[in-house]
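> This is the structure, below, for whatever I ask next.
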Amino acid sequence: MSHRSRWEYLRAIHARYRQADRRAKQVILNEFCANTRYHRKYAIRLLNGPPPGRAQPQVHRARSPRYGSTVASVLAAVWEAAGYPWAVDWDYKGDMFHNQQQAYRTRKNLKIPLDIR
């Protein structure tokens, strides 16, 4: 049974299941599970849920930036003053990341070069 035919079958019996008494619901549920091969709990959730129809399109909102440019500049200054903690330079070669080239801070040179080639 294809996904489309399962959906049509659900649409056909949904109203009948919602109006049935307890004994009739058991019979309808057994029949639905046997025909669709759905697990019983999943079938109960489908039949007790909202009437099947067209799904409403989900609206995805773009996230707005949390910090403004002033906060970002202050954070950059603090990060530089702390000696760039958690900074690792990766060498990307197209298929995977290789970490053979890394820049290390020393006591004499606290800055990490941002461009290693």
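The values are calculated or read from the model by the stated rules, or taken from the named source; none is laboratory data. As the structure is a prediction and not an experimental result, all values here were calculated from the model. Quick reminder, even Gly has a Cβ in these numbers, built from the backbone with ideal geometry, and neighbours come from all protein chains shown.
> Among the residues of segment 1-21, which ones are over 13 Å from residue 37 (Cα atoms) and not hydroxyl-bearing (Ser, Thr, Tyr)? If you could, list the steps in order and put the result at the bottom.
Taking segment 1-21 as the starting set, the residues that turn out to be over 13 Å from residue 37 (Cα atoms) are 4, 8, 11-21.
Within segment 1-21, 4, 8, 11, 12, 13, 14, 15, 16, 18, 19, 20, 21 meet the criteria.
> Could you count how many residues in segment 16-25 are more than 14 Å from residue 45 (Cα to Cα) and in a helix (DSSP H, G or I)?
5
> Here is a list: 11, 4, 18, 22. Which entry is more than 30 Å from residue 111 (Cβ to Cβ) and touching a Leu at 6+ places or on another chain (Cβ under 9 Å)? Please lay out each step first, then the result.
On the way: 11 fails: touching a Leu at 6+ places or on another chain (Cβ under 9 Å); 4 fails: touching a Leu at 6+ places or on another chain (Cβ under 9 Å); 22 fails: touching a Leu at 6+ places or on another chain (Cβ under 9 Å).
After applying the criteria, what remains is 18.
> Out of curiosity, is residue 69 among the polar types (S, T, N, Q), outside the structural domain of residue 111 (by TED's automatic domain parsing), farther than 30 Å from residue 110 by Cα and under 31 Å from the mean Cα position of the chain (by Cα)? Write out each step before concluding.
Values: among the polar types (S, T, N, Q): yes; outside the structural domain of residue 111 (by TED's automatic domain parsing): yes; farther than 30 Å from residue 110 by Cα: no; under 31 Å from the mean Cα position of the chain (by Cα): yes.
No, not satisfied.
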